[in-house]
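Taking it in order: structure first as structure tokens, then the write-up.
The values are calculated or read from the model by the stated rules, or taken from the named source; none is laboratory data. All values reported here derive from a predicted model rather than from experimental measurement. Surface areas here come from the heavy atoms of the whole protein model, side chains and all, with no ligands, DNA or RNA. Shrake-Rupley method; radii C 1.70, N 1.55, O 1.52, S 1.80 Å.
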Amino acid sequence: MRKECVLVVEDDEVIARGLVAALVATGLTAEWSASGREAIERVGQEHPDLVILDLGLPDVDGVDVCRAVRTRSPATRVMILTARREEIDVVVGLDAGADDYVVKPFRLAELLARVRALLRRDAEPPAPADGRVTVGDLTVDAGARRVFINGDEIDLRPKEFDLLALLVQQSGQVVTREKIMEKVWDEHWFGSTKTLDMHMSVLRKKIAASSASITTLRHVGYRFDP
Ligand code: CA
């Protein structure tokens, strides 16, 4: 089977070398580019499965690199790596077509888990609507609409169930508020999402016994972390 290929675009040599070594150690092919311009060219030729992209590059802005990757190699996933904490960067990153982002300084184990989640997207399509999905100690049975933590059933109302099922199906990935409104409430999102916040807060309490958690990405969406 072909090894999945990751291109690390990062001008900090220490971080880049550490990342490449860690990715190779998990069985992936990993290469490094220190320049945005070179990265754009290589992506067009090599079509890697994933680009890990530092936003602060010396020659081309990372956001422009991200847009160029989207155009030149639409199937390539993009994970943005940034030291900029401002949420605007998150929004800009996702608007530019990034699939996920990690803020520096990052924990290597977390980054690798997110890399696996992104690459899995192609390999394992989401479970069928009537399937049973287990992530960590949490099991969602979509057919029976039942949820278990370590085998103990928890009681969820219909929208809470839909919300959890959607997040679990895309475990480890960002699900935007717009997408949640569309999928769970069946409407396009134009204004207040107070209903979503309320349901999310109740859902968090109900799954508190699980080792999983739901991370809020302010103004962007949510991510289910097993
Ligand atoms: Ca940098």
Exercise for the section: Filter the cross-link list 179/206; 104/179; 3/183; 183/205; 3/206; 179/205 down to pairs whose alpha-carbon distance in this structure exceeds 30 Å. Expected result: 3/183; 3/206
Practice task
Send over a whole-number figure in Å² for the accessible area per residue of the chain, probe 1.4 Å.
Solution key: 51
Problem - Amide H within-cut-off set for residue 101, under 5 Å, with H built and near neighbours excluded - result: 80
Completion exercise
In whole µm²/s, the translational diffusion coefficient that Stokes-Einstein assigns to region 146-225, given a Kirkwood hydrodynamic radius over C-alpha pairs, 20 °C and 1.002 mPa s, equals 167
Exercise for the section: Quantify, in whole percent, the carbon and sulfur part of the accessible surface of the chain (1.4 Å probe; protein heavy atoms only). Expected result: 52
Exercise for the section: Determine the calculated [θ] at 222 nm for the chain from helices alone, applying -39500 (n - 2.57) to every DSSP H run no shorter than 4 residues and normalising by the residue count; nearest 500 deg cm²/dmol. Expected result: -12500 deg cm²/dmol
Fill in the blank from the handout: Per the chain, sqrt(5λ) over the Cα gyration tensor eigenvalues, sorted largest first, in Å, gives 33, 19, 16
